[in-house]
Amino acid sequence: MLIWHSGTVDLVGACRAFVHVSERGSFTVGAAAARMAQSVASRRVAALERHLGQRLLERSSRAATLTPFGRDMLPLAADLVRLADRLEHEAEAARHRPLRLAVPATCPTGALARLIADARGNGLLLDPRPAAPEERAGLVKSRQVRAALLALPPAEASWTVPLGLAVAHGPRRGPAGTESGEGPMYLDTLRPGRADRDRRPRRVWLQAEDDVPHVRDCLVRLRDAVGLRPTQLALASGLAAAAADVLSHGDALLCSPAQAGQLGLHWRPLGELAAGLARGYALAAADEADAVRIRESCAAGIARCLGADADAAAADADAAADAGVAR
């Protein structure tokens, strides 16, 4: 129940008693309609009269009738009660309205389900909305979502996800059970040879999530440096189709270790990049209070959805703050 005190008067409660009593012409019936004891209704109307400086009701043993001053005040008192009731209704609805969070489309359904469940356990109703990197930035800027996980260079990020190449076949067994083919995969091994003249060269598929400058531009430079054809680095129209080409054509898919595992592929780091390649993410929110709630309730769950290191998320938080990103 909303209580608005003006001095020593519960103004909303007093107006509520006044409205119900005046509409029914009885303190007994009006108090029951207002869900309060008759003695409480009587005290509240008396307090309102003292506060306003005039009598609102004429009392008798059988009825309560409006005074001229009471007739003037009744519409305003009724408006105040209606506004108070509306405020309570809207506040209740807002408390139960999910917080929409734009997330990468690469987040697995199971991990998102756990994120939602964990957030509920912490009193936060979360509604993840998968979207591409550029779309996520636009959604939070236009306030169509309350927060988003933005794609940033790893140095500016709170969560980092290593990237490498997923291929169809794992390490080959050598003599005496030893394995060969382990370790990094080098892009120059995809360079077409004379035997490949009559068939399309093997490709590296780039997902929409990695079609961002700090990932794409690095791969383009590497492609050109090792002598691959421009068409050998291609943007995938969908994850399933790209994975199918990995399985059927010997292509490679740029992805995280977690994604490779989900697809049943074998993940290997890029050999030419000693420092590695990674996705970076930071939390942006229109309201800093939302960012704080998400960080406190969901940091580990977000790391799990991204395939990132949860410990690294905490370690990188200060760097993201210095970069001016509202997480």
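See the values below:
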| read-out | value |
| --- | --- |
| Ellipticity estimate at 222 nm from DSSP helix runs (n ≥ 4, -39,500 (n - 2.57)) divided over the chain, nearest 500 | -14500 deg cm²/dmol |
| Label selected from (1) 24.7; (2) 22.2; (3) 21.0, the criterion being Kirkwood radius over Cα pairs in Å as computed here | (1) |
| The stretch 54-113 - Rg over Rh from alpha carbon coordinates, Kirkwood radius | 1.51 |
| Normalised contact order of the chain, rounded percent, pairs of Cα under 8 Å and 6 or more residues apart | 20 percent |
| Free-standing Cys residues across the chain, given no other cysteine C-beta under 4.7 angstrom | C15, C218, C255, C298 |
| For the stretch 32-65 and the stretch 218-282, distance of Cα centres in Å | 77 Å |
| Interchain or long-range residues, amide H under 5 Å from L233's placed H | V204 |
| The stretch 5-95: radius of gyration and largest Cα-Cα distance (Dmax), Å | 13.1, 45 |
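Every number in this text was worked out from the coordinates using simple rules, so none of it is lab data. Just so you know, these numbers come straight off a predicted model, no measurement behind them. FYI the Cβ positions are ideal-geometry reconstructions off the backbone, even for glycines, and counts take in every protein chain you see.
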